[in-house]
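J.: My questions will all concern the structure given below.
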Amino acid sequence: MLLLDVRMIDSSGIGTYLQNLIPYLKDKIDIAFLGDKEKIEKVLDIKDAKVIPIKSPIYFPLEQIEYLLKIRNCKIFWSPHFNAPIFPIRAEKRIVTIHDVFHLAFSHLYNPVEGFYAKFLIKNACVRSDLIITVSNFSKSEIIKYLDIEEKKIKVIYNGVNHRLFKIYSKNELEEFKRNLNLPEKFLLYVGNVKPHKNLRSLIFAFESLMEKEKDLYLIIVGKKEGFIKGDELLEEKLYKRENLREKIIFTGYIEKKNLPLIYNLATLFVFPSLYEGFGLSPLEAMACGCPVIASNIPPLREVLKDAAFYVDPYDVESIKEGILTVLNDSKLREYLAAKGLDLVKNYSWEKSAQEHIEIIKQLL
C-alpha cells in the first residue's frame, strides 16, 4: 500500500498537484490517504478510500509526533511537499516531491529561525527519501546545487494542464460571466499568490508607467491582496494615494476554480513576471485558454513555455512595460503567441504526468 499525505489538498500549488493526480492514481495503485477526510471529499470522490486522520498543521513540530503515531506499516510513504517525517517511520520506501527550493534560493526573505527550519526540513526530506520527484530540470539542478543530492535519486516529471477545465469557452458563456463580474473590456491578468518573488511590485510599476498610453487598460490580479504591500511604503503610496491607479488595478481575491478559465479567456494578455519558479503552471493554463503570455526570461519558464511566450527581464520595469506594449500593439504577434500556446499545451496533461508517477511508484513497489 502507498500512503499519501494530502493535508494540503485544498491549497494552491500543491493542492492543484494532488487534486489532478489522485483521480488517475487511485484506480491503478493501492492507495490510502493521510489527512482530513471531510476536507478531501470536498474536492475529490474518495468514498471508498482509506483515510488516516491527522490534524496537525504543516510545518509545526507537532506533525512529527503525529507521523510517528499515525503512519502504520506501508510499502511507500509519499510526501508531496518537503514537510516530511524527520524520524524513522514504518514504511519500506519513501518518496518526496520537491516542487522548488525557493526557501533556499531566497533565504534572505525569511528570519533566521524560519530559514534554518526550512533548510533542515528540505534536506531531511531529500536525504531520507528513496526517490525525489521534482517538476522541472531547473528544479533538479537547484536541488543538486543547494543540497548536494546525487542526481540518480531525482526524477523529473512535469506538471500537467487540466484540459477539461482550461480550454476556449463559447462567446455566450464569456459574455455572461463578464457581465456578472463587471469585468473591463481590456485587461492584463496575473494569477497566483502575491509573495515577493512573484514580482507583482515590478508589474504594478510597469503598469503605472504605461497608463498614459493605454488609458482603457486595466490590471486584474487573481490572488489575495492582504499582506501584499505590508512594509513597502512606495507601493502603499501608489495603491492607496493614487486614485487613478487604484481604480485601474483590481484584486479579485478568491475565484472559484470553475470560473478561473473564463477570466483567462477574457484577458487581453497574461503577464507572469516571477523571479523564481519551479515550474510555472499558470502561464500554461492561460495558453490553454487561448490567452497570449508574457513571462520572465528565467530558466524554468523558458524550459516549460519554450517559444510560446514573449519574454521580458523581470528585474527591469522598463523591459516589462515595453514587452506589454509590444504585444498589446501587435495583433499578429498576439495571434501568433495564442496559436503557439495552444499547440504547446497539448504536451502537458495530468494523465501523462500521472502515468509517469505510476511507473516509478510501481518500480519502487
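J.: With the structure loaded, tell me whether Arg164 is part of a loop (DSSP other than H, G, I, E, B), under 30 Å from Cys289 (Cβ atoms) and modelled with pLDDT of 90 or more or whether it fails that test.
T.: yes
J.: Looking at the stretch 72-111, which of its residues are open to solvent by 40 Å² or more (accessible area, probe 1.4 Å) and either in contact with a strand residue (DSSP E or B) (Cβ under 9 Å, 6 or more places away or on another chain) or of a type in the set (A, V, I, L, M, F, W, C) (or both)?
T.: Arg72, Asn73, Lys75, Phe87, Arg90, Glu92, Lys93, Asp100, Leu109
J.: Could you check, for the stretch 14-37, whether at least one of its residues is of a type in the set (Gly, Ala, Ser) and farther than 17 Å from Ile89 by Cα?
T.: Looking through the stretch 14-37, at least one residue is of a type in the set (Gly, Ala, Ser) and farther than 17 Å from Ile89 by Cα.
J.: Mind counting the residues in the stretch 167-186 that are assigned to a helix (DSSP H, G or I) and open to solvent by 30 Å² or more (accessible area, probe 1.4 Å)?
T.: Residues flagged as assigned to a helix (DSSP H, G or I) and open to solvent by 30 Å² or more (accessible area, probe 1.4 Å) within the stretch 167-186 amount to 8.
J.: Follow-up question, since we're still on this one. For the stretch 315-323, does any single residue satisfy the condition of being of a type in the set (D, E, K, R), under 21 Å from Asn20 (Cα atoms) and in a helix (DSSP H, G or I)?
T.: So far as the stretch 315-323 goes, no, none of its residues is of a type in the set (D, E, K, R), under 21 Å from Asn20 (Cα atoms) and in a helix (DSSP H, G or I).
J.: Hey, could you check the stretch 9-28 for residues that are among the hydroxyl-bearing types (Ser, Thr, Tyr), open to solvent by 30 Å² or more (accessible area, probe 1.4 Å) and not in a loop (DSSP other than H, G, I, E, B) and say which is nearest to Lys75 (Cα to Cα)?
T.: Residue satisfying both the conditions and the ranking: Tyr24.
J.: Further question on the same structure: Hey, can you tell me all the residues within the stretch 52-71 that are open to solvent by 30 Å² or more (accessible area, probe 1.4 Å), within 26 Å of the chain's Cα centre (by Cα) and closer than 24 Å to Asp130 by Cβ?
T.: Across the stretch 52-71, the qualifying residues are Ile58, Tyr59.
J.: Is it the case that some residue within the stretch 122-135 is open to solvent by 60 Å² or more (accessible area, probe 1.4 Å), at pLDDT 95 or above and within 21 Å of the chain's Cα centre (by Cα)?
T.: Looking through the stretch 122-135, none of the residues is open to solvent by 60 Å² or more (accessible area, probe 1.4 Å), at pLDDT 95 or above and within 21 Å of the chain's Cα centre (by Cα).
J.: In this structure, is Phe279 aromatic (Phe, Trp, Tyr), part of a loop (DSSP other than H, G, I, E, B) and open to solvent by less than 20 Å² (accessible area, probe 1.4 Å)?
T.: Yes: the conditions hold for Phe279.
J.: Look at the stretch 139-180 and say how many of its residues are in contact (Cβ under 8 Å) with a residue 60 or more places away in the chain and farther than 27 Å from Ile298 by Cα.
T.: 7
J.: Let me ask something else about it. Which of the residues spanning the stretch 289-314 are at negative phi, in a loop (DSSP other than H, G, I, E, B) and open to solvent by less than 30 Å² (accessible area, probe 1.4 Å)?
T.: Of everything in the stretch 289-314, those that are at negative phi, in a loop (DSSP other than H, G, I, E, B) and open to solvent by less than 30 Å² (accessible area, probe 1.4 Å) turn out to be Cys289, Cys291, Pro292, Ile298, Ala308, Ala309, Pro314.
J.: Name the single residue that is nearest to the chain's Cα centre (by Cα) among those in the stretch 335-362 being assigned to a helix (DSSP H, G or I) and of a type in the set (Ser, Thr, Tyr).
T.: Within the stretch 335-362, the match that is nearest to the chain's Cα centre (by Cα) is Ser353.
J.: Sticking with this one: Could you check, for the stretch 31-44, whether at least one of its residues is out of contact with any strand residue (DSSP E or B) (no Cβ under 7 Å at 6 or more places or on another chain), over 18 Å from Ile133 (Cβ atoms) and buried (at least 17 other Cβ atoms within 10 Å of the Cβ)?
T.: Yes, the stretch 31-44 contains at least one residue that is out of contact with any strand residue (DSSP E or B) (no Cβ under 7 Å at 6 or more places or on another chain), over 18 Å from Ile133 (Cβ atoms) and buried (at least 17 other Cβ atoms within 10 Å of the Cβ).
J.: Can I ask one more? Would it be correct to say that Val6 is touching a Gly at 6+ places or on another chain (Cβ under 8 Å), open to solvent by 20 Å² or more (accessible area, probe 1.4 Å), of a type in the set (A, V, I, L, M, F, W, C) and at pLDDT 90 or above?
T.: no
A quick yes/no check of all residues on (1) open to solvent by 30 Å² or more (accessible area, probe 1.4 Å); (2) modelled with pLDDT of 90 or more:
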site: Phe207; (1), (2): no, yes
site: Glu214; (1), (2): no, yes
site: Ile220; (1), (2): no, yes
site: Gly223; (1), (2): no, no
site: Leu235; (1), (2): no, no
site: Lys238; (1), (2): yes, no
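The values are calculated or read from the model by the stated rules, or taken from the named source; none is laboratory data. Everything quoted here is computed from the prediction, not taken from an experiment. Here Cβ is always computed from backbone atoms with ideal geometry, including for glycine, and neighbour counts include all displayed protein chains. The protein model used for the area step is the full one, side chains on, heavy atoms only, and it has no ligands, DNA or RNA in it. Shrake-Rupley method; radii C 1.70, N 1.55, O 1.52, S 1.80 Å.
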